[in-house]
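What follows is a short report on a single structure.
The values are calculated or read from the model by the stated rules, or taken from the named source; none is laboratory data. This is a predicted model, so every value here is computed, not measured. Glycine gets a Cβ as well: all are built from the backbone with ideal geometry, and neighbour counts include every protein chain shown. Surface accessibility is based on the protein's heavy atoms, side chains included, excluding ligands, DNA and RNA. Shrake-Rupley method; radii C 1.70, N 1.55, O 1.52, S 1.80 Å.
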Amino acid sequence: MLAPVHDDDGAPFWEYAARGELRVQACADCGEPRFPPRPCCPHCQSFASEWQPTSGKGRIWSYVVPHPPLLPAYAAQAPYNVIVVELAEAPRIRLVGNLVTGPDAPLNSVPPDRVRIGAKVQVVFDGDGTPRWVLERP
């Protein structure tokens, strides 16, 4: 499986995720949240930033179900979903992940026909601290 890339700007995101916290970078001057993390605020051009906690709640904004041909590690789990989650408190922030039945469930643990745009989801973290998503009402 492919591992997330941990760069200098995003390192705090992964440090918080390893502790089970979903935080997003925000401008310390104008307060605008931003993702992906970057050194400069695109709204006010400030270089001051902070990491704000979120509720971890959101809704499915979009999704796809990849089909073979896939990389071998992914083909064995197909069909599975890849979802785009719009965060409840920051609707312009959208995170990509998988809808699963639990933190360490396989990628294909939710049947593709159960994935719906607009469905409310809650973040969970697998054993490696990777954010994943579960339905608020299974």
**Asked** Pick from L135, L107: which is under 20 Å from L22 (Cβ atoms), modelled with pLDDT under 95 and buried (at least 16 other Cβ atoms within 10 Å of the Cβ)?
**Response** L107
**Request:** For residues that are under 18 Å from L95 (Cβ atoms) and either surrounded by fewer than 18 Cβ atoms within 10 Å (Cβ to Cβ) or without any contact (Cβ under 8 Å) to a residue 24 or more places away in the chain (or both), tally how many sit in region 38-58.
**Result:** 7
**Asked** When region 76-91 is examined, which residues are found to be under 16 Å from S55 (Cβ atoms) and either surrounded by 15 or more Cβ atoms within 10 Å (Cβ to Cβ) or of a type in the set (D, E, K, R) (or both)?
**Response** V85, E86, L87, A88, E89, A90
**Asked** In region 36-66, which residue that is modelled with pLDDT of 95 or more, in a loop (DSSP other than H, G, I, E, B) and within 18 Å of the chain's Cα centre (by Cα) is nearest to W133 (Cα to Cα)?
**Response** G56
**Fill in**
Out of (1) more than 21 Å from A3 (Cβ to Cβ); (2) touching a residue at least 12 places away in the same chain (Cβ under 8 Å), the one P68 does not meet is (2)
**Asked** Looking at (1) part of a loop (DSSP other than H, G, I, E, B); (2) open to solvent by less than 50 Å² (accessible area, probe 1.4 Å), which is the only condition C30 fails?
**Response** (2)
**Prompt:** Does V5 satisfy the criteria of being touching a residue at least 24 places away in the same chain (Cβ under 8 Å), under 20 Å from R94 (Cβ atoms) and of a type in the set (V, I, T)?
**Reply:** no
**Request:** Determine whether V65 is in contact with a helix residue (DSSP H, G or I) (Cβ under 8 Å, 6 or more places away or on another chain) and over 25 Å from R34 (Cα atoms).
**Result:** yes
**Request:** Pairs only if they're at least six apart or on different chains, beta carbon under 6 angstrom, first in region 13-25 and surrounded by fewer than 20 Cβ atoms within 10 Å (Cβ to Cβ), second in a helix (DSSP H, G or I) and among the hydroxyl-bearing types (S, T, Y); list them, first residue then second.
**Result:** R23/Y16
